[in-house]
Amino acid sequence: MTSINLSAIRARRSAWNKGRLVGQKRPLLPKHVWAIRVRLELAERHRDLALFNMAIDSKLRGCDLVRLRVPDIYAAGQVKERAAITQSKTSQSVRFEITAGTRASLKAWIESPQMLGSEHLWPGRLHDRAHISTRQYARLVREWVTSIGLEPSTYGTHSMRRTKVAQIYRKTGNLRAVQLLLGHTKMDSTVRYLGVDLEDALTISEGVEI
């Protein structure tokens, strides 16, 4: 009598993204940026204010933002107006501006007692960590957006990276400028990152008369 081998029945595993919103995170709008800034200023959270402002201005990935060192942006007792770092993902150099408001918040943070003797701009609070982790940064972003009533699952660290370039693209339509600011090596990466579609292209085209 032949025996029939039945395939083993395995319990179905839940999808990793079940119950989560996935896809690109939204950039913050200018009103969101100012609302978060005001809250951080009123709470006198100097580190968070400097980190938030720097995230918006630098447009860096979280992994590059958290490992910034003081000499990267500070020299001769002043915060630089422009700085450059080598991106960990692409090994390409990227430059960024540091606006007046961001420079003021960075200077206040660098000269605070908490920064005494620290080479890293965002030092870790544990002895075995030279700087905060990307996970800690993500938790801070979640806290910031929640504080002004936004849905935290819709925003993330890439929201910070996209915020300023989204406004630049809306005002100028200049994809090449956005590509350079983000440090992308390929234009199609920039197009996908911004979520540019045909409707955007037509809107830009309608504003140009020949």
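The values are calculated or read from the model by the stated rules, or taken from the named source; none is laboratory data. Just so we're clear, the structure is a prediction, and the values are computed from it rather than from any experiment. Note: ideal-geometry Cβ built from the backbone for every residue, glycine included; neighbour counts use all protein chains shown. All accessible areas refer to the heavy atoms of the entire protein, side chains included, with ligands and DNA or RNA removed. Shrake-Rupley method; radii C 1.70, N 1.55, O 1.52, S 1.80 Å.
Structure above, values below:
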{"read-out": "Residue count, region 61-92 (criterion: touching a residue at least 40 places away in the same chain (Cβ under 8 Å), under 19 Å from the mean Cα position of the chain (by Cα) and not in a loop (DSSP other than H, G, I, E, B))", "value": "7"}
{"read-out": "Yes/no for His46 being within 18 Å of Pro152 (Cα to Cα) and either more than 14 Å from the chain's Cα centre (by Cα) or at pLDDT 90 or above (or both)", "value": "no"}
{"read-out": "Verdict on Thr190 being surrounded by 12 or more Cβ atoms within 10 Å (Cβ to Cβ), within 22 Å of Pro27 (Cα to Cα), modelled with pLDDT of 85 or more and of a type in the set (Val, Ile, Thr)", "value": "no"}
{"read-out": "Residue in region 58-66 that is open to solvent by 60 Å² or more (accessible area, probe 1.4 Å) and more than 15 Å from Leu140 (Cα to Cα) present", "value": "no"}
{"read-out": "Residue tally, condition part of a loop (DSSP other than H, G, I, E, B) and either under 14 Å from Leu65 (Cβ atoms) or of a type in the set (A, V, I, L, M, F, W, C) (or both), over region 125-147", "value": "5"}
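Here's the yes/no breakdown for (1) in contact (Cβ under 8 Å) with a residue 40 or more places away in the chain; (2) assigned to a helix (DSSP H, G or I); (3) among the aromatic types (Phe, Trp, Tyr):
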{"site": "Ile56", "(1), (2), (3)": "yes, yes, no"}
{"site": "Lys107", "(1), (2), (3)": "no, yes, no"}
{"site": "Gln114", "(1), (2), (3)": "yes, yes, no"}
{"site": "Gly117", "(1), (2), (3)": "no, no, no"}
{"site": "Pro123", "(1), (2), (3)": "no, no, no"}
